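The structure appears below as structure tokens.
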Amino acid sequence: MGPSAFLPRNRALRVVLALIGLYVIVVLPIHYSPSLHDSLGDFVSQRVPDIHLGDLSKHLPGHSFSEDNTDATDAAEEADKAISEEELRKVVTEAAAKESLVADDISTKRPPTVPPLKASVYGCPGRPDAADFLISMKTGATELFAKLPEQLLTTLRCVPNYMIFSDLEQDIGDYHIYSSLEEVSDKYKYSHRDFEFYRKLLDLSAKGQDLSLLKATHQAKGHAWDLDKWKFIPITHRVYKEQPNVKWYVFIEADAYMAWPNVMELLSHYNPDEPWYLGAVHFFGDVAFAHGGMGYIISNGAMRLLDDIWDPKHIALWERRTAEGCCGDVELAAALVEAGVNITGIPGLYGESLSWFEWDEGKWCEPSLSWHHVRAHDVEALWQFETKWMSGNGTHYVYRDLFNALIEPHLTATRTDWDNMSSHRIYTGPSGLHGDEDRRYKQSINWEDLPDGEKDEVLKNLDEEQTKSVESTGKYTKDTRWDELSDEEQQSAWEELTEAEKQAHESLHKCRAACEDYDECMQYWFTPGRCHLHRTIRLGRYVEADEEEDSIFGTEPQNRTVSGWMRGRIDDFRNRMEPCKPVPEWMDKYAEAELS
């Protein structure tokens, strides 16, 4: 029996069956399955769209939201009053059911969590309490399209609840950008010198211009910083006003990366009903504040206290201080103190990118929380690492894990046209500048030449024998930098250097020899006439060589820089480090010590 025995003898019927088969094999896959060029994430994004509360008005007959920025808040409040929770739940559930999703316990003040199917595709860690956190991301209008897209493609895909702030209220695709200056009084926004740049942005935006063109101007560099300080307090109040039931408010910049799993793990050890203001502690005069670029976290309990004093009297005081002060994060800290909230320092928040970060024993087993001054490349690298790590290990990570995955593979013996940021010891020859960071030279000073205030400070740090020496000789010997020494003192200090140090600036080979001679040296950097040594490990970055015209060979690179790493010492460093405790256990011990 041949294959044709299964087919009808009628020729017309055969043609119909063939067309049906062609449709099933060719047409259906085109319309209902991802193409070879589509990623699984794109396919899921198309078939399982996110549901945002900001879009619900179009599903609700009789309810609409004003597009006028000045009336947006009032319109939203009226809409909230008009929409019952039962009606809202019904709309969300119906929309989710169309895509085979379940919308559980959606609050009118909180966007829904990332759908489970998307979370698995994106490699997002699944935590039932993820919606208890609100991420506030701040950027500027001139940098919006340069910094925000990478964040939306990576970290913010796994964050179910976030608000993005910029200088102006606007929309980017499906994402709404809130104005960080909306709550500033008009008398400042339309007359104070700090808002000259803001008024320029408004003018160009009204004319439909590309605001990113202002980024490279001289005006933007100074005035954008003056404008930024006005954003901190208003943003803090706005996020609480929009979502007062969130347990934790996390504030970061668009040029920062947040290790979302580690942040949630750390915060699980703190009670959000208590007044917590957590960050990397810095000082401006007597004010202890959390550095804004590194990120900081405020609990619901602290937000309630700040909201209690949100009145015209305090607002006028804060705005007057901001107009006269330097920095918005400093003014926010002062406002929180007035509300009864003091800062508490936490680890893992650093102001460097992967290229600048110093890998040493102190940070080796510490959980990473945030990075600052990161470019899109850094964000992508951190995101890829975190996604693979969480999917393969199902746990949190520390700096050691980041080093092994992202840094160590790139530490070659030497690399040309590279600056690995070595700076602890600098050698430039007998007449050059030795701007050492970690070495100090003895300098003899006449005691009577010191100001009275400095004398009092010095005496506090002298022991009894040193004090007697000052009294008997009238001389005080202090540790000072090379560039503060006199010519005679520099000559004396030069003679005390080793032969390897004296010759370090002469060649790459001799620079490496000086590093070998210095037991703590982990890496070095050389350019003709200059040698730098460093005690910790840094990756650094590519630098373009200077070029010089040559009559025979054309353009040739000149004064090329070379970076080198002591691979043997780096391997010894990694081997001698004790095994790191699991992150939750590390957090337990840290929180116990901090809260005791």
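The values are calculated or read from the model by the stated rules, or taken from the named source; none is laboratory data. As the structure is a computational prediction, the values presented were derived from the model and not from experiment. Note: ideal-geometry Cβ built from the backbone for every residue, glycine included; neighbour counts use all protein chains shown. Calculation scope for accessible area: heavy atoms of the full protein, side chains included, ligands and nucleic acids excluded. Shrake-Rupley method; radii C 1.70, N 1.55, O 1.52, S 1.80 Å.
Observations on the structure shown:
- Restricting attention to the stretch 241-298, the residues that are within 16 Å of residue 336 (Cα to Cα) and among the aliphatic types (A, V, I, L, M) total 9.
- Being without any contact (Cβ under 8 Å) to a residue 24 or more places away in the chain and either in contact with a strand residue (DSSP E or B) (Cβ under 8 Å, 6 or more places away or on another chain) or of a type in the set (Gly, Ala, Ser) (or both) holds for only one residue in 251, 283, and it is 283.
- Within the stretch 494-520, residues that are crowded, with 16+ Cβ neighbours inside 10 Å reach partners that are of a type in the set (Phe, Trp, Tyr) and assigned to a helix (DSSP H, G or I) with beta carbons closer than 8 Å, at six or more positions or on different chains, in the pairs 502/494.
- For beta carbons closer than 7 Å, sequence separation of 6+ or different chains, a first residue in the stretch 116-142 that is closer than 12 Å to residue 264 by Cα and small (Gly, Ala, Ser) and a second that is open to solvent by less than 20 Å² (accessible area, probe 1.4 Å) and modelled with pLDDT of 85 or more, the qualifying pairs are 131/161.
- Some residue of the stretch 123-136 being out of contact with any Lys or Arg (no Cβ under 9 Å at 6 or more places or on another chain) and at pLDDT 80 or above: yes
- When 211, 148, 181 are checked against the criterion of being in contact (Cβ under 8 Å) with a residue 40 or more places away in the chain, closer than 28 Å to residue 382 by Cα and either among the basic types (Lys, Arg) or buried (at least 19 other Cβ atoms within 10 Å of the Cβ) (or both), 148 stands alone in meeting it.
- Counted residues, the stretch 460-470 - those being under 18 Å from residue 480 (Cβ atoms) and either open to solvent by less than 60 Å² (accessible area, probe 1.4 Å) or assigned to a helix (DSSP H, G or I) (or both): 4
- Matching residues in the stretch 386-424 - criterion: being among the hydrophobic types (A, V, I, L, M, F, W, C) and either open to solvent by less than 20 Å² (accessible area, probe 1.4 Å) or closer than 17 Å to residue 522 by Cβ (or both): 398, 402, 403, 407, 411, 413, 418, 421
- Test: residue in the stretch 409-426 that is assigned to a helix (DSSP H, G or I), outside the structural domain of residue 300 (by the TED database) and either without any contact (Cβ under 8 Å) to a residue 40 or more places away in the chain or of a type in the set (A, V, I, L, M) (or both): yes
- Hits in the stretch 319-341 - residues which are under 17 Å from residue 251 (Cβ atoms) and not β-branched (Val, Ile, Thr): 327, 328, 329, 331, 332, 333, 334, 335, 336, 339
- Test result for residue 451, closer than 19 Å to residue 498 by Cβ, at pLDDT 75 or above and either among the polar types (S, T, N, Q) or open to solvent by 70 Å² or more (accessible area, probe 1.4 Å) (or both): no
- Only one of the listed residues (591, 513) is modelled with pLDDT of 90 or more and outside any loop (DSSP other than H, G, I, E, B). That residue is 513.
- Which numbered condition residue 364 fails, given (1) buried (at least 22 other Cβ atoms within 10 Å of the Cβ); (2) under 21 Å from the mean Cα position of the chain (by Cα): (1)
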